[in-house]
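The values are calculated or read from the model by the stated rules, or taken from the named source; none is laboratory data. Remember, predicted model here, so these are calculated numbers, not experimental data. Every residue, glycine among them, receives a Cβ derived from its backbone with ideal geometry; neighbour counts consider all protein chains shown. Remember, those area values only see protein heavy atoms, side chains included, never the ligands or the DNA or RNA. Shrake-Rupley method; radii C 1.70, N 1.55, O 1.52, S 1.80 Å.
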Amino acid sequence: MKPSSYQHSAQAAINDPVLQRALANLQHRLGRGAAEGYRRFPEGPDLRLKGHAIRMKAIENLDILLDALAEKIGKNGGHVHFAPDGDTAVKRCIEIARTHRVSLAVKGKSMLTEEIGLNPALEAAGIETVETDLGEYIVQLAGEAPSHIIAPAIHKSREAVGRLFADKLGIPYTDDPPALTLAARQALRKKFLKADMGISGCNLACAETGHITTVSNEGNIRMATTLPRVHVAFMGMERIVADLKDHAILFRLLSMGAAAQEMAGYVSYIGGPAIQGRIDGPEAFHLIIVDNGRSRILADTDFREMLCCIRCGACLNMCPVYGKIGGHAYGSAYSGPVGAVVTPLLTGINQASDLCLGESLCGACMPACPVNINIPRMLLLLRTKLAEGDKPWNVKIKSRAEQAAFTVWSYLIRNRYLYDIFLKGAYIGQHVLPGTHSMISRLPLAGKGWTQGRDLKRLASRSFIQRYSNENGRRKMK
């Protein structure tokens, strides 16, 4: 079997010393910081459980909350569009852009727009599209995808950014972070002032007040949503809460999970176009609410909990797998434990099987999650579907040979006589395998994966039960 692209990318990441240092630093700072922050909440760590309850209540009442949100935004002069899939959402954005004669769009960071492929579609339609989050701007200039939900350019060293800026922005080479930040600011300022359209995501929406909220630590989203004539926001259909009380709790949890902060630097509440007589804000506001497979997840009670995710990236900051292979190995907009569940559910469980099979099931993601999502439970469910097949999710059994092997093994270990024969045969057969007297260095066929990074201890001549029976028999004879 040839290694998958996931395996190739993961191996390349493991062999990249720059990326390994960056990932270790990220997890040391943010992963540990968030865990400590949860304990510092006045309500204590149990606030996470309350956050989970808030999210589940919203998920179970999505139809009511989304209708209320759309109605209130409409009263405020905004427009709401419901898109059943990514293609429809992209087409609607292009239609809005053409209606308003848009030639340049500036964007705030949005994983949903990465999911639906908005940027290349806008470029193909002749609309220049510029990312304005510093990390997103860097990876856009490099022609790469983001490698972390909140730190898109974590895989880049400052020297690499310096060379990139010298090449793309025409500035003298420097690896000084303040100088590089200033260069990006100067380049982006021109884009902000010329842009006809601003595009953003939506961290959470509030049905009670009819607004969406965006969060950043750079202020770029605020610039992108107020300076251009038109603002188009993209929102996953699940990213909504009932009222401001719930909203406040979740934003505290989001800020702590994402960056170990009490609250992010810039929190913007947006509910429509500029109020008449005010100079700040766009002339037109459009909210595109995207399904793109979320209704299917909502309909499955086993996976519905995944819609509670608020895309903070906290699980990435604790996951030992992500901490070694980074985000690009996942091959999708979402990486880490959240990507290992969400991507298979959105794109196909068989197609993205490497993601859920590649996780370690250590469980570190669950206590890291600010809303306490049981990701390990859903990873196991996905693995079960791959092992047994599943008609509702159109999952084919991943390996008939593996299924047959485990069926035989299950029968074998329930039959003492056959099991003893098997052990005797394995003991004799192992002597032809390479290694030392006590260790096997390489297993054949499908077993070779076990010995790629470790040796395997050879089987003893007698099993524990045989030894115990012999010793117990000797004692009785005495």
Taking a label point 7 Å from the Cα of residue 159 along the Cα→Cβ vector, which residues of region 3-46 have an amide N closer than 11 Å to it?
18
Per residue of region 116-132, what does 6.51 cos²θ - 1.76 cosθ + 1.60 with θ = phi - 60° give for ³J(HN,Hα)? Whole Hz please, x for Gly and Pro, Karplus curve as stated.
9, x, 5, 4, x, 5, 5, 4, 5, 7, x, 10, 5, 10, 10, 6, 10
Mind checking which of 178, 122, 138 is farthest towards the positive end of region 111-189's charge dipole, using Cβ charges of +1 (Lys, Arg) and -1 (Asp, Glu) about the Cα centre?
178
Per-pair calculated FRET efficiency, R0 = 41 Å: residue 104 and residue 446 via Cβ, rounded to 0.05:
0.15
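For 393, 409, 450, what's the largest-to-smallest order of accessible area, 1.4 Å probe?
Details: 393 20, 409 105, 450 170 Å².
Largest accessible area first, the residues go 450, 409, 393.
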List, in order, the whole-Hz ³J(HN,Hα) value for each residue of region 197-202 obtained from phi through the Karplus relation with A = 6.51, B = -1.76, C = 1.60 and θ = phi - 60°; use x for Gly and Pro.
9, x, 10, 9, x, 8
Measure off 7 Å from each Cα along the Cα-to-Cβ vector at residue 399 and residue 460, then give the distance between these two points in nanometres to one decimal.
2.9 nm
State the percentage of accessible surface on the chain attributable to carbon and sulfur atoms; use a 1.4 Å probe and exclude ligands, DNA and RNA.
55 percent
For labels at residue 41 and residue 360 in the simple 7 Å Cα→Cβ model, what's the distance in nm?
2.6 nm
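Considering only DSSP beta bridges where both residues belong to the chain, give the percentage that are antiparallel (nearest 5).
On the way: 12 of 37 bridges.
Close to 30 percent.
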Inter-part gap, Cα centre of region 1-79 to Cα centre of region 317-371, in whole angstrom, is 12 Å
Taking amide hydrogens as modeled 1.01 Å from N in the peptide plane, which residues meet the under 5 Å criterion relative to residue 81, leaving out close sequence neighbours?
287, 288, 289
Compute the FRET efficiency between residue 426 and residue 324 as 1/(1 + (r/R0)^6), taking r as their Cβ-Cβ distance and R0 = 30 Å, and round to the nearest 0.05.
0.40
Averaged per residue, the 1.4 Å probe accessible area of the chain, protein heavy atoms only, in Å², is roughly 50 Å²
Please turn the phi angles of region 427-437 into ³J(HN,Hα) values with the Karplus equation 6.51 cos²θ - 1.76 cosθ + 1.60 (θ = phi - 60°), one per residue in order, whole Hz, x for glycine and proline.
5, 5, x, 5, 5, 8, 7, x, x, 8, 4
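Compute the relative contact order of region 330-460 as a whole-number percentage, counting only Cα pairs closer than 8 Å that sit 6 or more residues apart in sequence. Working shown, then result.
Working: 118 pairs, mean separation 17.2, N = 131.
Relative CO of region 330-460 lands at 13 percent.
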